[in-house]
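Each reported figure results from applying straightforward, stated rules to the coordinates on display, with no laboratory input. Bear in mind the structure is a predicted one, so any value in this text is a computation, not a measurement. Cβ: placed from backbone, ideal geometry, glycine included. Neighbour counts: every protein chain shown.
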Amino acid sequence: MTDILLITPPFVQPNCPYPATAYLSGYLRRKGFSVEQVDLSIETLRAIFSRDFLTSLFENYDGEGDENCNRIWAMRNDYIATIDSVIEFLQGKDSTIASLICSPEYLPQASRFDTMVDAEEYFGTLGSKDCAEYIATLYLQDLSDFIRATVSPEFEVVKYGESLALAIAEFSTLEQELQKPRNAIENIMCDLLRDHITRTAPRRVGITVPFPGNLLGALRIGQYLKANNPEIEVIIGGGYPTTELRSMSDREIFRYVDYIILDDGELALERLLKGEEPIHTLTADGYSEGSGTISHRERGCPDFDGLPHSLYFSLTEVTNPMHRLWSDGRWNKMMLAHGCYWAKCSFCDTTLDYIRCYDAVTAAEIVDQMERVSAQTGSRGFHFVDEAAPPKLLKEFSLELLRRGLRFSWWTNIRFEKSYTGDLCALMARAGCIAVSGGLEVASDRLLELVGKGITIEQATIAMRNFYYAGIMVHTYLMYGLPTESLQESIDAAEVVRQMFKAELIGSAFWHRYAMTIHSHSGQHPEEYGVRRKDRLPNPFANNEVPFAENRGYSLDMVGEGLNLSLANWLVGNGIDRPVHKWFGTKVPATTVIPSLITDHLIKPDGCRIYNDKARIVWIGGTPELSEEGVVIHTPSATKEVKLPEAEAEFIYSVIEQTADLDENYTFEDIRTLWEEHFDRPFIEFYSSKKWDIVRKFGLLQI
């Protein structure tokens, strides 16, 4: 028998595994437990998008759908004939049909194609694979629309039943859904579950519920097990219960599950598997806090063994290259560190362990884990899902990758702080960083200070500039509707974002409507933010968002529509010079932001050009060679030359050779000492010269 079967329920991103079960599996296996893990999300999706399911789906259609459904049904033979080849293409198994998919008559087209972008404009003549992926995604979205209309209105490719679990006050709302007969999608999921239960014979089943859209699927699994395998204990945990169910008084959910684990699951599951006292665990009898923690080092390397790596498939929902990263590509999701090193933003869940308990491992340990995971999954791409990766750790991490000569592709979340100098960004890019995402949030210096973000627009602009110059794409998270935010500030925030897009500092962005949560500082002290919390007893079931009263004086829905409309256009390069107030559906004030705000910040000096004796110097450029006119640098793309007098050329050659050894720590003080051994004039004179700037440009970094 298996000690525990860990399950990812429908539906999360189809392009790669959600990492929760992999981290839990790695930890529990190292503790000696027999662990199996399955991804019912991707397995169910693959079964839905198949010839057999579509055949049954169309055979059972009663013709009572809308015009779009009838059009899809009329083309049913085309869908049945193409579905398996489309999925295999999206899985990377057969790229030869890309040209066919791009042709107008190969795939059936319904309403999603009405808003299709000009493929030739975005993909040109050489991007047939990318274009085909975009077209295939529209094709699957059409099928998803049909499935929603005929099987379940809750179906989504990346979530399932989310609307049922958002801000749900009483469990009876969900139970009404659970008492209905299973639909065709849920039957597929339960059939797959039955096979896994038969194969693994688990004593316990653990289900991760990271998002509201996973709750219904998780409870259907629990319902199936209670009816068919009552001897198996059912455990759920993850982001949703951790944030929503901490104050739950309604115990009806325990007809479907036995335990609900809050916060990190490793130690809590270990205790349950050993039959010891539970920690931070809810049961029908109440809550057990217990005691004990593990470090991020003890959490260790995720173990993806057992997951169906060949089933994952990419989607291209939008053409924006940065936006695509979330759904396109086989990324290994990992954490550089646990928690957030800043943990001061007033809108964030800073009272919960997943934010406030920051704990990191060394760069060498991270790279060790990456090598193991890459060998296991066959993928060299990594998405680090940290709340915010610390700049110091990213520097050491990048150096470690370069020291080992490893070529990985990676991206992560950051804060736009002054530590991201041009040289650090160049180092990260050389080490494989292709993109970062970070919060500009309210794009107002007053409001950034109010929420404790710890950055300014100027600081964020300079950091974005440095990432852009390094060739690293930037995505920024944006927020509107913050308490005390005026309509003028909302318009001005849109103007700041417009200027950033025009300067090409950001490749993509997303506006979120502010929500006050019970685990944030603003939710616990709303009076500090100029609003009053509405008196209300906690919900019997889920509690997260805090209702509050304020005198706003304008429509947030109107603001949100204008912000999202403008952003949708900027993402594809449209309307970038249109005055921001014209994107809104009613009369709003013109911006008060000066037109040169962002460009004025762009010309400000970078921190890496401030001389510092203790600063480390590293060479990340090509191989140097002395020539008659100076130093030649051989890079993969070109041969470059720095013209120097013989003595200065020998000095630079020596500096490059020494600082290219990443096992050694060379500082400006060391270089200055070397200079003074050979020259009478001060080193700062050479440092300030154009010659030094050229060498820097070729790969000599001050970090």
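Per residue of the range 438-444, what does 6.51 cos²θ - 1.76 cosθ + 1.60 with θ = phi - 60° give for ³J(HN,Hα)? Whole Hz please, x for Gly and Pro, Karplus curve as stated.
Once rounded to whole Hz, the list reads x, x, 8, 6, 7, 6, 9.
As I understand it, the value is the acute angle between the Cα axis of helix 556-571 and the longest principal axis of the Cα atoms of the chain; what does it come to in degrees, rounded to 10?
It is inclined by approximately 60 degrees.
Looking only at Cβ-Cβ distances, which cysteines of the chain have no other cysteine closer than 4.7 Å?
That list is 16, 69, 102, 131, 190, 301, 340, 357, 425, 433, 608.
In the range 327-403, what GluC sites (Glu not before Pro) fall in a loop by DSSP, with at most 10 other Cβ atoms inside 10 Å?
Details: sites: 365, 371, 387, 396, 400; in loops: 387.
Counting only loop positions with at most 10 other Cβ atoms within 10 Å, none of the GluC sites (Glu not before Pro) in the range 327-403 qualifies.
Need the full-extension length gain, residue 610 to residue 177, defined as separation in residues times 0.36 nm minus the C-alpha distance. One decimal, nm.
Full extension from residue 610 to residue 177 adds 149.6 nm.
Check which residues have an amide H placed less than 5 Å from residue 473's amide H, if you skip close sequence neighbours.
Under 5 Å from the amide H of residue 473: 435, 436.
For q values of 0.15, 0.16 Å⁻¹, compute log₁₀ I(q)/I(0) with the Debye formula on a Cα-only model of the range 48-150, without solvent.
Normalising to I(0) and taking log10 leaves -0.59, -0.67.
If the cut-off is 13 Å between C-alpha atoms, which aspartates and glutamates fall inside it for residue 274, apart from same-chain ones fewer than 8 positions away?
In chain and number order, the partners are 3, 266.
In degrees, nearest 10, range 0 to 90: what is the angle between the Cα axis of helix 363-377 and the longest Cα principal axis of the chain?
The angle comes out at about 50 degrees.
What is the P(r) of the range 474-539, as percent of Cα-Cα pairs per 10 Å bin from 0?
Binned Cα distances yield the sequence 18, 39, 28, 13, 3.
Taking R0 as 25 Å, what's the FRET efficiency between residue 289 and residue 524 from their Cβ-Cβ distance, rounded to 0.05?
0.80
Output ³J(HN,Hα) for the range 274-281: one whole-Hz value per residue in order, computed from phi by the Karplus curve 6.51 cos²θ - 1.76 cosθ + 1.60 with θ = phi - 60°, and x for Gly and Pro.
After applying 6.51 cos²θ - 1.76 cosθ + 1.60, I find 8, x, 8, 4, x, 10, 5, 10 Hz.
Quick one: what are the phi-derived ³J(HN,Hα) couplings along the range 254-262, Karplus 6.51/-1.76/1.60 with θ = phi - 60°, whole Hz, x for glycine and proline?
Using θ = phi - 60°, the values come out as 6, 6, 10, 9, 9, 9, 10, 8, 9 Hz.
Using the structure shown, select from 392/453; 418/614; 643/690; 640/697; 418/582 the pairs with a Cα to Cα distance greater than 22 angstrom.
418/582
Angle, helix 391-404 long axis vs. longest principal axis of the chain, Cα atoms, 0 to 90°, nearest 10?
Value to nearest ten degrees: 80.
For a bin width of 10 Å, list the pair-distance distribution of the chain built from all Cα-Cα distances, rounded to whole %.
Over the chain, the share of Cα pairs per 10 Å bin runs 3, 13, 21, 25, 21, 11, 5, 2, 0, 0 percent.
How big is the range 323-602 on each of its three principal axes, counting only the C-alpha atoms and giving the largest first in Å?
Its Cα atoms span 58, 49, 30 Å along the three principal axes.
Using amide H atoms built 1.01 Å from N in the peptide plane, name the residues 5+ places from residue 307, or on other chains, whose amide H lies under 5 Å from its own.
none
Excluding residue 692 itself, calculate the net charge of residues whose Cβ lies under 14 Å from the Cβ of residue 692, where each Lys or Arg counts +1 and each Asp or Glu counts -1. List each step's numbers first, then the result.
Numbers: positive: 609, 643, 672, 681, 690, 691, 696, 697; negative: 423, 648, 685, 693.
Net charge in that neighbourhood comes out at +4.
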